[in-house]
Amino acid sequence: MGILYDDVVIIRHSEKEGDPTVITVNCPDKTGLGCDLCRLILFFGLSIARVDVSTDGKWCYIVFWVIGKPTTRWALLKKRLVEVCPSCSSASGILFYRSELQPPKPPDVFLLKFCCYDRRGLLNDVTQVLCELELTIKRVKVSTTPDGRVMDLFFITDTRELLHTKKRQEDTYDHLKAVLGDAMISCDIEMAGPEITACSQRPSFLPPAITEDKFNLEILNERQSGLLTSNNVSITMDNLLSPAHTLVQIVCLDHKGLLYDIMRTLKDYSIQISYGRFTTKQNRNCELDLFIMQADGKKIVDPSKQSALRSRLQMELIRPLRVALVNRGPDTELLVANPVELSGKGRPLVFYDITFALRMLNIGVFTAEIGRHMIGDREWEVYKVLLDERDGLSIPGNKIEEAVWKMLMGWE
């Protein structure tokens, strides 16, 4: 018999308060599956305490030990995890895979346009509502008028693929109205045509703090900045322990999305994981053992390929995102850059973390914009936030950078 649909993902809650919830994934394997699962777990705001991965190249078994929140929507998380797993069916007791020869159709992009009266934390509240509704922010343009009104343009996609329906649009409006109250002046949702999205993609200037060479580890290690995750990242590779796999051992400081950053890198390199184990220790330290092979089923024996993979992994652990505060004449702009997967997906909840950190600092947002830029040979999602300094900016710039960085890293 084939595996039952409900058994693809099983979530078991601990009977003891404070202990991790166990998520078991049992499905056909595919390159990048671990990345897709870790991205969803990150999107739902869970922290991963431990992971065991085992696969024979055709079928995989993954166990996550995660720490949730009282507001975690476990049933919805299970549904989303099942959706990213390769599908399987049974016929005469033999499992087979559904061929996916056609690439998935890109989701429709909608323009959410609303006008309201400004207040502290408004942008963060709106971002939280959109996340809860599973509306993914692709781009955003926010501007504040001199009379205290805000015009927000959100280019969004719908995970549920229902935003074209009147009911889904009304539900979105009701959720926004519940948060904004009488501050909301108008709200409209429409399909974003190519002429609209093209206008939002014009190139713009990026400073050296964002565009500097991502592989220049010597420069990064010389910067004794609190923004670095760890100066003691250890990555070793061994081809002697296993006859068929390259062993990668990583010891580093934990941060939010750590496993996603590692899995995203391996996915982009088309590297398959046959066995892996991740554990977190005290003081935010973590250890990761991965038995990997290339897409052709062979070890990574080429020294240049080993060096390239090691450098990329080290950079993702030292500096998974880039944060910089720059002066625009009399204005101050916060820039955050987030690497995009080759599949086109970016790290989730970055804009929420940015706006939440500014909210905690009681700093308003005058304008905000999200865009995609090519930095080197990779695409990055760049968040540009012009800070509201009408009442004066009393917090030093390095403190603002540090607060935003800690929020993004989960060190708040």
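The values are calculated or read from the model by the stated rules, or taken from the named source; none is laboratory data. Everything numeric in this text was worked out from a predicted model, so none of it was measured. In this analysis, Cβ positions are derived from the backbone assuming ideal geometry, glycine residues included, and neighbour counts consider all displayed protein chains.
Couple of notes before you dig in:
- Search result, residues across segment 48-58 that are crowded, with 19+ Cβ neighbours inside 10 Å and either assigned to a helix (DSSP H, G or I) or within 18 Å of the chain's Cα centre (by Cα) (or both): Ile48
Let's see how each residue does on (1) on the phi < 0 side of the Ramachandran plot; (2) modelled with pLDDT of 95 or more; (3) part of a helix (DSSP H, G or I):
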position	(1), (2), (3)
Leu180	yes, no, yes
Ile185	yes, no, no
Ile196	yes, no, yes
Ser204	yes, no, no
Ala209	yes, no, yes
Ile235	yes, yes, no
Leu247	yes, yes, no
Ile262	yes, yes, yes
Gly276	yes, yes, no
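- Flag for Val382 being in the same structural domain as Val326 (by TED's automatic domain parsing), of a type in the set (Val, Ile, Thr), in contact (Cβ under 8 Å) with a residue 40 or more places away in the chain and not in a helix (DSSP H, G or I): yes
- Which numbered condition Ala308 fails, given (1) at pLDDT 90 or above; (2) farther than 22 Å from Cys131 by Cβ; (3) surrounded by 17 or more Cβ atoms within 10 Å (Cβ to Cβ): (3)
- Residue among Leu342, Leu317, Leu349, Leu313 that alone is in contact (Cβ under 8 Å) with a residue 40 or more places away in the chain, under 21 Å from Ile41 (Cα atoms) and surrounded by fewer than 15 Cβ atoms within 10 Å (Cβ to Cβ): Leu342
- The set of residues in segment 46-77 being touching a helix residue (DSSP H, G or I) at 6+ places or on another chain (Cβ under 9 Å) and of a type outside the set (Ser, Thr, Tyr) consists of Leu46, Ile48, Val51, Val53, Cys60, Ile62, Phe64, Val66, Gly68, Arg73, Leu77.
- The set of residues in segment 282-294 that are part of a helix (DSSP H, G or I) and polar (S, T, N, Q) comprises Gln282, Asn283.
- Residue in segment 142-149 that is over 26 Å from the mean Cα position of the chain (by Cα), outside any loop (DSSP other than H, G, I, E, B) and either more than 26 Å from Thr71 (Cα to Cα) or modelled with pLDDT under 90 (or both) present: yes
- Inter-residue pairs, beta-carbon under 7 Å, first part of a helix (DSSP H, G or I) and in segment 394-406, second of a type in the set (D, E, K, R), 6+ apart: Lys406/Glu412
- Residue within segment 295-306 that is in the same structural domain as Gly32 (by TED's automatic domain parsing), polar (S, T, N, Q), in a helix (DSSP H, G or I) and more than 20 Å from the chain's Cα centre (by Cα) present: yes
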